[in-house]
Amino acid sequence: MKSVRLLVLGALRRRGRAHGYQIRADLESWGAHEWSTATSGSVYHALKSMARRGLLLTHETVPSEAGGPPRIEYELTGEGEQEYLTLLSQALADREPSLDVLCAAVGLIEDLPRDHALRMLRRRAQAMHEWRTSITAHLPADADLDAWGPVGEVLALWLTTADTGAQWTHRLISRLEDGAFTMAGEDPP
């Protein structure tokens, strides 16, 4: 999954109806151009592609006063809404999404009900635990990874990634359990 589709759908969902420049500006205000593939060209490409797939409705607005073509505004269809929530859920539950996809999902997490977000994060934590278990299942109990050369370094990287990913996920789960953020369907404090 590419982060740009998730980000564009999330930004558009929050606006209701918008043109590409507004979506791009929103993503830039989130700093997404620094940590994701959401460039100007990719945003417009994603909008056009998702409109062709029936995920977005298009509306032409009046031509610009400078004489340019009419702007196109987009809004989510029911199918687009479902696609967005599916992508968001998958990104939170996946043990190994790319970092930009995980960042996008966490940045948009408030669009999910609290219990759903917690279920997805618990799946992620469980998947990380299972991955760690699969890494160590065939290692001798007294394995000295330093003595294994580069292969030991690969195993150490995997174990560290599994451990820190699980630790971070459990931290976010605890924060959500303690009421952090205003999630979908909740009244603001």
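Some observations on this one:
- Unique residue being of a type outside the set (D, E, K, R), more than 15 Å from the chain's Cα centre (by Cα) and closer than 19 Å to GLY107 by Cβ when the list is GLY31, GLY10, GLY68, GLY16: GLY16
- Within the range 109-133, the set of residues being outside any helix (DSSP H, G or I) and either surrounded by fewer than 18 Cβ atoms within 10 Å (Cβ to Cβ) or more than 15 Å from the chain's Cα centre (by Cα) (or both) comprises just one member, PRO113.
- Meets criteria (of a type in the set (A, V, I, L, M, F, W, C) and part of a helix (DSSP H, G or I)) for LEU87: yes
- Taking first residues from the range 124-148 that are of a type outside the set (Asp, Glu) and partners that are in a loop (DSSP other than H, G, I, E, B), the Cβ contacts under 7 Å between residues at least 6 apart in sequence or on separate chains come to ARG124/ASP94; ARG124/ARG95; ALA127/ARG95; MET128/ARG95; TRP131/ARG95.
- Residue list for the range 18-57, restricted to those being within 24 Å of THR86 (Cβ to Cβ) and surrounded by fewer than 13 Cβ atoms within 10 Å (Cβ to Cβ): ARG52, ARG53, GLY54
- Qualifying residue in the range 143-157 (condition: modelled with pLDDT of 95 or more and either in the same structural domain as ARG13 (by TED's automatic domain parsing) or of a type in the set (Lys, Arg) (or both)): no
- The number of residues in the range 43-71 that are at pLDDT 90 or above and either outside any strand (DSSP E or B) or closer than 18 Å to VAL4 by Cβ (or both) comes to 14.
Table: residues versus (1) closer than 25 Å to LEU118 by Cβ; (2) not hydroxyl-bearing (Ser, Thr, Tyr).
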site	(1), (2)
SER3	yes, no
ALA25	no, yes
TYR44	no, no
ALA51	no, yes
GLU75	no, yes
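- Every pair of residues 6+ apart whose Cβ atoms lie under 7 Å, when the first sits in the range 84-95 and is hydrophobic (A, V, I, L, M, F, W, C) while the second is surrounded by fewer than 17 Cβ atoms within 10 Å (Cβ to Cβ): LEU87/MET1; ALA91/MET1
- Flag if GLY152 is farther than 25 Å from GLU34 by Cβ and small (Gly, Ala, Ser): yes
The values are calculated or read from the model by the stated rules, or taken from the named source; none is laboratory data. For clarity, every value in this text was computed on a predicted model and none was experimentally measured. Note that each Cβ is placed from the backbone with ideal geometry, even for glycine, and that neighbours are counted across all protein chains shown.
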